[in-house]
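The block underneath contains the structure these notes are about, expressed in structure tokens.
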Amino acid sequence: YVDDLPAVKREALADVSIFPAGKSFQAFSPKFIGNVVRDIASKSVNVYVQDNDPWLTDYRSVGFIPKNVASIDDLFWIIKSSKKVVTTDSFSSHVAQFLRDDFVLTLTRDFGENIVHPAAFPFIASNHPTCAPCNYLDRKGGGKCAAGFSHCAAFDSAAFEQRVVELVSPS
């Protein structure tokens with residue numbers, strides 16, 4: 001299906017396409033995404049966050065302008081055509097699992113066997129905080145998760161950040 005999408009004018013892809021946000025607190029915190037983008041600075045990066053994301057202003061405050069995906073076909077095309085893709089546990093990660101094996105999937109709540117399609121083999125970076133599972137509480141529903149954090153505590157780990165960067169930029 002993706003290979004047969006009609007040719008429309010699409011912006012040039014960066015070396016790395018990052019989809020940091022789902023609807024739940026498993027979204028990359030603004031600081032985490034800012035650090036990851038900074039640390040993979042040797043490559044061009046596009047960050048895709050929908051215009052209605054509750055943290056959009058906070059994402060912009062860390063120094064970049066996230067891009068909005070205009071359609072489901074564009075999402076398919078970006079994920080399939082990008083050199084490198086990074087997702088959190090979100091709809092984009094499920095799309096990536098069907099379209100490619102060579103993407104980075106970050107997990108903060110689930111273990112691979114619970115969230116990854118049986119035929120997909122992404123590179124997984126995981127960090128399971130002691131307060132997990134949080135049952136995918138919606139970020140739009142309040143400013144804090146069930147454990148009282150403004151974002152998932154998993155994203156406060158420098159080692160987790162470094163693992164994502166290593167998986168995007170293998171030596």
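The values are calculated or read from the model by the stated rules, or taken from the named source; none is laboratory data. Note that this is a predicted model, so its numbers are computed, not measured. Note: ideal-geometry Cβ built from the backbone for every residue, glycine included; neighbour counts use all protein chains shown. Areas reflect the complete protein model, heavy atoms only, side chains present, ligands, DNA and RNA absent. Shrake-Rupley method; radii C 1.70, N 1.55, O 1.52, S 1.80 Å.
Quick notes on this one:
- Gain upon complete extension [H128, A70; 0.36 nm per residue less C-alpha separation]: 17.6 nm
- Whichever aspartates and glutamates have a C-alpha closer than 14 Å to that of K23, once near sequence neighbours (fewer than 8 apart) are set aside: D51, D53, D89, D138
- If R0 equals 30 Å, the separation of the Cβ atoms of L5 and D101 corresponds to a calculated FRET efficiency of about 0.90.
- Entry note, the chain: the mean residue ellipticity at 222 nm calculated from DSSP H runs of n ≥ 4, each adding -39500 (n - 2.57), is -8000 deg cm²/dmol after division by the residues and rounding to the nearest 500.
- With protein chains left intact and a 1.4 Å probe, residues in the chain average 51 Å² of accessible area per residue.
- Alpha-carbon Debye profile of region 20-99, log10 I(q)/I(0) at 0.12, 0.14, 0.23, 0.25 Å⁻¹: -0.32, -0.44, -1.24, -1.44
- Under 18 Å from the Cα of K84 - lysines, other chains or at least 8 residues apart: K43, K67
- On full extension, the segment bounded by D156 and K140 gains 3.7 nm, given 0.36 nm per residue less the C-alpha separation.
- Of all beta bridges that DSSP places with both ends in the chain, some 5 percent have antiparallel geometry.
- Taking every C-alpha pair closer than 8 Å and separated by at least 6 residues, the mean separation divided by the residue count of region 1-63 gives a relative contact order of 41 percent.
- The chain - percent relative contact order, Cα under 8 Å, separation 6 or more: 26 percent
- Shape box of the chain [Cα atoms, principal axes, largest first, Å]: 46, 36, 34
- Counting only residues at least eight positions apart within a chain, or on another chain, the aspartates and glutamates with an alpha carbon under 13 Å from that of K31 are D39, D58, D156, E161.
- Total charge dipole magnitude, the chain, about the Cα centre, Cβ charges on Lys, Arg, Asp, Glu only, Debye to nearest 20: 380 debye
- Solvent-accessible area assigned to carbon and sulfur over the chain amounts to 54 percent, based on a 1.4 Å probe.
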